[in-house]
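Since every read-out is calculated from the coordinates, none of them should be taken as a lab result. Only a predicted model underlies this, so the values are computations on that prediction, with no experimental measurement involved. Quick reminder, even Gly has a Cβ in these numbers, built from the backbone with ideal geometry, and neighbours come from all protein chains shown.
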Amino acid sequence: MTHAEPLPDAPLLSTRAVDVVRDGRYLLSGISLDVEAGQHWALLGANGAGKSTLLALLGAVSHPTHGEVHVLGRQLGRVDIRALRTHLGHVNPRHPLRSPLSVRDVVLTGLTNSIEPEPRRRPTPDQTAHAEHLLDLMGMAERTKDTWPTLSQGERGRVLIARALMPRPRLLLLDEPATGLDLTARELLLGSLDLLRRRHPQLATVLVTHHLEELPETTTHALLLRDGRTVASGPVHEVLTTELVSECFGHPISITRHEGRWTARAARRAPADL
């Protein structure tokens, strides 16, 4: 394995003609993508399109069957990826914590990327202050002493984003962060993401969803997946169009954007089609 320090001038993420094959089935086929600092990508597609499979590659959790994946300039398979993971923040809404940790302690586990605090390890005053700063940024400053089981799903999502930011990563990966949220919780979460992106202009993010309404207005780029293949990829205003989204989901879908946010509405079927 080679040295794992990031290359400063390389894209944060890069894939080249990537395939992922499982039991003879292509989960991804020919995927190429570059994510630069300050860009905010949406990975969109129907269930089973390959979004989570691609996110696992980008987060150095799995390896491609064919093609190349470069994380912070280093190629997967030729580098000790553990060192690179300190530069990646991964937000999984299905965080498996079961114990009643305080909100502050949950965030501090982001330093060790562990579910529970590591025995005999105590955070420094600077680390604790950083955790509290991130909770304030996520709108959770009043809940730092509350315990994990008392939080709503939306509150947990914002805490997990703060946790992922503890190591000061260059890249944040979000796997369907609005899953299971009601309208208010979703809007609070998206507002926190917009604020985070504005305050940290060099941070890049990749957000997986199949609902356009779950995209923050600061989204800059999008990749549309269908059956493991790219339908379109590029600046968001070129990709999130009625024509391309309809092709991606295999159904006529009307796309509108108002005050920076997107709405998708499926075309009505004619009576004869019902």
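Counting Lys +1, Arg +1, Asp -1, Glu -1, what net charge surrounds residue 93 among other residues with beta carbon under 10 Å of its beta carbon?
Every neighbour counted, the sum reads 0.
Using the beta-carbon distance between residue 179 and residue 227 and R0 = 25 Å, what value does 1/(1 + (r/R0)^6) give for FRET efficiency, to the nearest 0.05?
Result of the calculation: an efficiency of 0.70.
If a/c stays under 1.5 just call it rounded; otherwise compare a/b with b/c (prolate if a/b is bigger, oblate if not). Do that for the chain, with a ≥ b ≥ c from the square roots of the Cα gyration tensor eigenvalues.
oblate
Ranked highest first by average number of other Cβ atoms within 10 Å, how do 190-201, 33-44 line up?
Descending packing order for the listed peptides: 33-44, 190-201.
So for each of 162-168, 182-188 I average, over its residues, the number of other beta carbons within 10 Å; can you give me the resulting order with the highest mean first?
162-168, 182-188
With springs connecting C-alpha atoms under 10 Å apart, model the chain as a Gaussian network and identify which of 161, 31, 255 has the largest mean-square fluctuation.
Checking each option, the largest mean-square fluctuation is seen for 255.
Quick query: amide H of residue 215 versus all other amide H atoms, modeled in the peptide plane; which residues come in under 5 Å with a sequence gap of 5 or more or a different chain?
262
What is the set of long-range amide H partners of residue 232 at a cut-off below 5 Å, with H atoms built 1.01 Å from backbone N?
224
By counting other Cβ atoms within 10 Å of each Cβ, how are 52, 246 ranked from fewest to most?
52, 246
Give, in nm to one decimal, the length gained when the segment between residue 17 and residue 36 is fully stretched (0.36 nm per residue of separation minus the Cα-Cα distance).
That works out to 5.0 nm of additional length.
For residue 174, list long-range residues whose amide hydrogen, built 1.01 Å from N in the peptide plane, is under 5 Å from its own amide hydrogen.
Placed amide hydrogens put 91, 206, 207, 208 under 5 Å from residue 174.
Pairing the Cα long axis of helix 153-165 with the longest principal axis of the chain, what angle in degrees results, from 0 to 90 and rounded to the nearest 10?
For 153-165 against the chain, the angle is about 70 degrees.
Each residue of the stretch 91-100 in order: what ³J(HN,Hα) in whole Hz does its phi give by Karplus 6.51 cos²θ - 1.76 cosθ + 1.60, θ = phi - 60°, with x for Gly and Pro?
So the Karplus estimates, Gly and Pro as x, are 9, 10, x, 9, 4, x, 5, 10, 7, x Hz.
Pulled fully out, how much extra length does the chain show between residue 65 and residue 198, if you take 0.36 nm times their separation in residues and subtract their Cα-Cα distance?
Taking residue 65 through residue 198 to full extension adds about 44.2 nm, to one decimal.
Looking only at the stretch 163-239, where both bridge partners belong to it, what percent of the DSSP beta bridges are antiparallel (to the nearest 5)?
Of those bridges, close to 55 percent are antiparallel.
Rounded, prolate or oblate: which fits the stretch 212-271 when a ≥ b ≥ c are the square roots of the eigenvalues of the alpha-carbon gyration tensor, with rounded for a/c under 1.5 and prolate only if a/b beats b/c?
Oblate, because a/c is 1.5 or more while a/b does not exceed b/c.
To check you understand DSSP bridge types, tell me what percent of the beta bridges within the chain (both residues inside) are antiparallel, rounded to 5.
60 percent
Roughly how big is the chain's charge dipole about its Cα centre, with Cβ charges of +1 (Lys, Arg) and -1 (Asp, Glu), in debye to the nearest 20?
500 debye
Mind listing the phi-derived Karplus ³J(HN,Hα) values for the stretch 130-138, rounded to whole Hz, using 6.51, -1.76 and 1.60 with θ = phi - 60°, and x for any glycine or proline?
5, 4, 5, 4, 5, 5, 5, 4, 8
What's the extension gain from residue 168 to residue 10 if we count 0.36 nm per residue and subtract their Cα-Cα distance?
55.0 nm
How much mean residue ellipticity at 222 nm does the chain get from its helices, if each DSSP H run of length 4 or more adds -39500 (n - 2.57) and you divide by all residues, to the nearest 500 deg cm²/dmol?
Mean residue ellipticity at 222 nm (helix-derived): -7500 deg cm²/dmol.
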